[in-house]
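Chemist: First, the structure itself, so that you have it in front of you.
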Amino acid sequence: MKLSQANIFDTSSEFGVPALGRQAALYIHIPFCIRKCPYCSFYSIPYNQTLADRLISAIIQELNNRTVNIEITTIFIGGGTPTILPIRKMEALLKAINNLGATHSREISIEANPATITPDYAKLLKDLGVTRVSLGVQSLNDRILKILGRPHNSKAAIESFDILRKAGFDNINIDLIYGVPYQSLNDWSFTLAQTFSLKPDHLSCYELTIEEDSAFMKLFPKAAETDEETSLAMYNYLRDNVSKADLVQYEISNFASRRLGQKNDIPLLACSHNINYWRGGQYIGIGPSATSYLNNDRFQNIKDVIQYCECVEKNRDPTTEHDILTPIERAGEIAGFGLRVLAGWPFALFKIVTGFDLLSTWAKEIENLIKKGLIIKKACGLQLSSKGIIFADEVAKEFLKIKTS
């Protein structure tokens, strides 16, 4: 495997070209958690040491198999809770990544939950090449954390952040959730004030989405009766106040520090791995349930740790679902999803990435969206309007209407 040192913003095009051709971003899924949060829809299971030993060996084997002749642009280790792994298992995984040359990668991110980070663990991550940590704080209000079923409290979250800073991490993201049942705007403003005081380098804020058949719905039967007005007020409060922490919004749910400046309206501390997703780049998913997209083929690994391990150990393909997209279908997804980036879609870049002309291919849809006040047409490209940011899913659906080439 060849590791790319290219900055996706440092290209001749206005916003940077994502992973194309033989390039791909790399995602590694660690499905273990202390316990499953009742609102979570991602594949995860309780931690088991014997199973973890087997899984890490299988992940390393799949990693070596899938990355042959692939130029990796960014790496993201997610879950689950990757930092629930014992130090020796995390060390083995990171050393396997380093053996592929990944220490030269521009960005290596890992998700971490508060209370799983110790000074020794943070030092290991830093020493073995991790450049960015995403801390799953979710709230700094202990009552809201209990409603969410999180296994930590606000004190542990702040302590974990401080440990990472002392270990030398200068690119720390904090994840927050809003729109939680029984969460008031005052609760949300308190969490934001506390978060801003920590001076994170990046902030990701997501509205709580509750599946009808989730454990959360059983615990809170009225949770489906979402107070959309309060959730919108929380989101608007966030956008109106985030500059107090010297953060700038660059995507619907994501904000990054201005510390290193910006290029083409995108902060240099934006998450490069996610930019690749939003801009339609290729990606490789390693581990159970992980999804990949290569050469117009989107496929997913088995959502079962034991079955996944058995496949990899016997040199069988662990993928179970393949979705071959036509070029126009993929281009439509890229058009809609990429507009989440507030800088918008430059016409020239979209043509480079997809091969389609954005204006002519979706002329009718774009005209309708402009009439509704959801997007803005500029000389160089399209952007979401302030109203469009709120109704981004509706915008994306318009670009999915064309199904055949």
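The values are calculated or read from the model by the stated rules, or taken from the named source; none is laboratory data. What you see is a predicted model, and the numbers here were worked out from it, not measured in a lab. Ideal geometry is used to build each Cβ from the backbone, glycine not excepted, and the neighbour counts take in all protein chains shown.
Chemist: Of the residues that sit in segment 101-132 and are closer than 25 Å to Ala24 by Cβ and in contact with a Lys or Arg (Cβ under 9 Å, 6 or more places away or on another chain), which one is surrounded by the fewest Cβ atoms within 10 Å (Cβ to Cβ)?
Modeler: Per the criteria, the residue is Gly101.
Chemist: Can I ask one more? Just to be sure before I move on: is Arg88 surrounded by fewer than 16 Cβ atoms within 10 Å (Cβ to Cβ), within 22 Å of the chain's Cα centre (by Cα) and in the same structural domain as Asn274 (by TED's automatic domain parsing) in the structure I sent?
Modeler: Answer is no for this residue.
Chemist: It is to be established whether one or more residues within segment 147-157 are more than 22 Å from Ile75 (Cα to Cα), exposed (fewer than 15 other Cβ atoms within 10 Å of the Cβ) and of a type in the set (A, V, I, L, M, F, W, C).
Modeler: no
Chemist: Also: Given the options Ile302, Ile284, Ile266, Ile306, name the one that is in contact with a helix residue (DSSP H, G or I) (Cβ under 9 Å, 6 or more places away or on another chain), of a type in the set (Val, Ile, Thr) and without any contact (Cβ under 8 Å) to a residue 24 or more places away in the chain.
Modeler: Unique residue meeting the criteria: Ile302.
Chemist: I'd like to verify a number: residues in segment 343-391 that are of a type in the set (A, V, I, L, M, F, W, C) and buried (at least 17 other Cβ atoms within 10 Å of the Cβ), how many?
Modeler: Looking only at that region, the number is 16.
Here's the yes/no breakdown for (1) closer than 17 Å to Asn171 by Cα; (2) surrounded by fewer than 21 Cβ atoms within 10 Å (Cβ to Cβ):
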| position | (1), (2) |
| --- | --- |
| Thr230 | no, yes |
| Asn236 | no, yes |
| Asn241 | no, yes |
| Asp246 | yes, yes |
| Tyr250 | yes, no |
| Arg258 | yes, yes |
| Leu268 | yes, yes |
| Tyr308 | no, no |
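Chemist: Of everything in segment 117-137, what is closer than 20 Å to His202 by Cα and in contact with a Ser or Thr (Cβ under 9 Å, 6 or more places away or on another chain)? Give them in sequence order.
Modeler: Within segment 117-137, Ile117, Ala122, Leu125, Gly129, Val130, Thr131, Arg132, Val133, Ser134, Leu135, Gly136, Val137 qualify.
Chemist: In segment 117-156, which residues are among the acidic types (Asp, Glu) and under 27 Å from His273 (Cα atoms)?
Modeler: Listed by number, the residues that qualify are Asp120, Asp127.
Chemist: Next question, about the same structure. For segment 89-148, what are the residues that are assigned to a helix (DSSP H, G or I) and closer than 30 Å to Tyr182 by Cβ?
Modeler: Result: Asp142, Arg143, Ile144, Leu145, Lys146, Ile147, Leu148.
Chemist: Right, here's the next one. Among the residues that make up segment 207-230, is at least one of them in the same structural domain as Arg106 (by TED's automatic domain parsing), among the basic types (Lys, Arg), at pLDDT below 95 and assigned to a loop (DSSP other than H, G, I, E, B)?
Modeler: No, every residue in segment 207-230 fails to be in the same structural domain as Arg106 (by TED's automatic domain parsing), among the basic types (Lys, Arg), at pLDDT below 95 and assigned to a loop (DSSP other than H, G, I, E, B).
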